[in-house]
Amino acid sequence: MAEPRRKPLVSGNWKMHMTHLEAINLIQKLSYSLEAADPSYVDLSVHPPFTALRSVQTVLDADDMPMSLGAQNVHWEDKGAFTGEISPTMLAKLNVSYVIVGHSERRQLFGETDEMVAKKVAAVFAARMTPIMCVGETLDEREAGATEERVVGQLRAGTAALNPEQMAALVVAYEPIWAIGTGRNATPDDAQAVCNALRAAVLADHGEAAGARLRIQYGGSVKAANAAELLAQPDIDGALVGGASLDPGELAQIVHLARN
Ligand code: PEP
């Protein structure tokens with residue numbers, strides 16, 4: 001049976017950068033830099049900080065820009081006494097399509113556990129959005145030969161409650177922690193091996209269709225200069241881009257490369 005074609009997804013994680021005015025400027029430049037054919041071949045999402053979501057949504061809708069709106073985090077409850085948190089419904093009402101869940105910065109700096117990540121993944125699906133669930137190993141874990149055990153463990157912990165349809169719709173971002181914001185990359189072969197192990201785990205746990213349809217992004221210092229080789233790997237279906245996504249020309253270049 002031929003494998004279904006997986007449309008690559010390139011996602012720009014702006015982290016804690018961009019006021020709402022700067023964000024509008026960035027998406028306008030990004031939109032000019034895209035080529036007309038790009039959206040037919042590549043999905044693109046931008047993930048501004050919460051304070052810029054409404055402004056970016058308004059411009060994306062008004063100008064019919066070929067990219068989806070994404071968020072960087074969410075709480076799993078729908079409402080309640082959770083000062084400072086944002087609910088899935090609040091994001092869905094802003095036409096948010098993708099939500100990054102379990103980014104390593106949230107796990108390491110803000111104490112997010114696998115259990116919290118699992119609740120967030122389920123809540124994002126319940127609000128009819130798509131989670132981009134991040135997994136990744138530390139340098140110590142990689143050097144101890146524990147990479148696959150670590151990332152497959154995170155994947156299983158975050159997705160145990162999902163049904164096969166949800167599993168197929170999920171996006172997983174493999175982001176080696178030592179490669180995020182450091183300028184260091186996994187080699188394309190290493191990244192491919194880990195993404196293949198993630199897909200094999202989904203095949204084994206959730207069936208062939210889910211494993212074949214699941215999109216797996218690579219993230220960690222991706223830029224136009226190194227994206228082509230990473231995106232050429234058979235189990236890598238796009239990129240989660242941090243620093244380089246703040247430069248619209250660079251992000252557009254990565255989209256072109258994903259198309260090819
Ligand atoms: C990220 O924020 O998910 C990321 C991969 O960052 P960078 O591209 O800057 O390494």
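Values quoted throughout were computed directly from the atomic coordinates according to the rules given, and no laboratory measurement underlies them. Everything numeric in this text was worked out from a predicted model, so none of it was measured. Cβ placement follows ideal geometry from the backbone for every residue including glycine, while neighbour counts extend to all protein chains displayed.
Which count do you get for residues in segment 181-214 that are in contact with an Asp or Glu (Cβ under 8 Å, 6 or more places away or on another chain), closer than 13 Å to ALA239 by Cα and buried (at least 22 other Cβ atoms within 10 Å of the Cβ)?
Residues meeting the conditions: 1.
Which residues, taken from segment 129-176, are in a loop (DSSP other than H, G, I, E, B), more than 15 Å from the ligand (Cβ to nearest atom), over 20 Å from LEU203 (Cα atoms) and more than 13 Å from the chain's Cα centre (by Cα)? It would help to see each step written out before you state the result.
To start, the set of residues in segment 129-176 that are in a loop (DSSP other than H, G, I, E, B) comprises 129, 136-138, 144-146, 160-163, 170, 175-176.
Imposing the further condition that a residue be more than 15 Å from the ligand (Cβ to nearest atom) reduces the set to 129, 144-146, 160-163, 170.
If we keep only those that are over 20 Å from LEU203 (Cα atoms) too, we end up with 129, 144-146.
If the condition is that a residue be in a loop (DSSP other than H, G, I, E, B), more than 15 Å from the ligand (Cβ to nearest atom), over 20 Å from LEU203 (Cα atoms) and more than 13 Å from the chain's Cα centre (by Cα), then ALA144, GLY145, ALA146 are the ones that fit.
When the residues of segment 106-127 are narrowed to those that are acidic (Asp, Glu) and touching a residue at least 12 places away in the same chain (Cβ under 8 Å), which ends up nearest to ARG199 (Cα to Cα)? It would help to see each step written out before you state the result.
Residues of segment 106-127 that are acidic (Asp, Glu), as a first pass: 112, 114-115.
Subsequent filtering for residues that are touching a residue at least 12 places away in the same chain (Cβ under 8 Å) retains 114-115.
Details: ASP114: 19, GLU115: 21 Å.
Within segment 106-127, the match that is nearest to ARG199 (Cα to Cα) is ASP114.
What helices (runs of 4 or more DSSP H) completely inside segment 1-118 contain at least 3 residues that are under 16 Å from PRO131 (Cβ atoms)? Write out each step before concluding.
Numbers: elements: 20-33, 38-41, 50-62, 88-93, 104-110.
In segment 1-118, 88-93, 104-110 are the helices (runs of 4 or more DSSP H) which contain 3 or more residues that are under 16 Å from PRO131 (Cβ atoms).
Taking interchain pairs and intrachain pairs at least six residues apart, which have beta carbon atoms under 7 angstrom, with the first residue in segment 128-146 and over 17 Å from ALA71 (Cα atoms) and the second part of a helix (DSSP H, G or I) and of a type in the set (Lys, Arg)?
From residues that are over 17 Å from ALA71 (Cα atoms), the pairs are GLU137/ARG150; GLU141/ARG150.
For segment 137-145, does any single residue satisfy the condition of being surrounded by fewer than 17 Cβ atoms within 10 Å (Cβ to Cβ), out of contact with any His (no Cβ under 8 Å at 6 or more places or on another chain) and among the acidic types (Asp, Glu)? Before the answer, list the steps.
The initial filter retains those residues of segment 137-145 that are surrounded by fewer than 17 Cβ atoms within 10 Å (Cβ to Cβ), namely 138-140, 143-145.
With the extra rule that they be out of contact with any His (no Cβ under 8 Å at 6 or more places or on another chain), the set shrinks to 138-140, 143-145.
Now drop any that are not among the acidic types (Asp, Glu), which leaves 140, 143.
Checking segment 137-145: at least one residue is surrounded by fewer than 17 Cβ atoms within 10 Å (Cβ to Cβ), out of contact with any His (no Cβ under 8 Å at 6 or more places or on another chain) and among the acidic types (Asp, Glu).
Tally up the residues in segment 177-207 that are more than 14 Å from the ligand (Cβ to nearest atom) and aliphatic (A, V, I, L, M), please.
Result for segment 177-207: 9.
Six or more apart or on different chains, Cβ atoms under 6 Å: show the pairs whose first residue is in segment 227-251 and in contact (Cβ under 8 Å) with a residue 40 or more places away in the chain and whose second is within 15 Å of the ligand (Cβ to nearest atom) and among the hydroxyl-bearing types (Ser, Thr, Tyr).
Short answer, once both residue conditions are applied: LEU230/TYR218; ILE236/TYR218; ALA239/TYR218; LEU240/SER11; LEU251/SER245.
Go through (1) of a type outside the set (Ser, Thr, Tyr); (2) in contact with a helix residue (DSSP H, G or I) (Cβ under 6 Å, 6 or more places away or on another chain); (3) farther than 19 Å from LEU240 by Cα for GLY145 and report which single condition fails.
(2)
Any chance you could count how many residues in segment 208-227 are touching a helix residue (DSSP H, G or I) at 6+ places or on another chain (Cβ under 7 Å) and either within 16 Å of the ligand (Cβ to nearest atom) or under 18 Å from GLY136 (Cα atoms) (or both)? Before the answer, list the steps.
Going through segment 208-227, the residues touching a helix residue (DSSP H, G or I) at 6+ places or on another chain (Cβ under 7 Å) turn out to be 209-211, 213-214, 216, 218, 220-224, 227.
Pick out the ones that are also either within 16 Å of the ligand (Cβ to nearest atom) or under 18 Å from GLY136 (Cα atoms) (or both) and you get 214, 216, 218, 220-224, 227.
Number of matching residues: 9.
Could you please find all residues in segment 102-117 being under 19 Å from ARG215 (Cβ atoms) and more than 12 Å from the ligand (Cβ to nearest atom)?
VAL117
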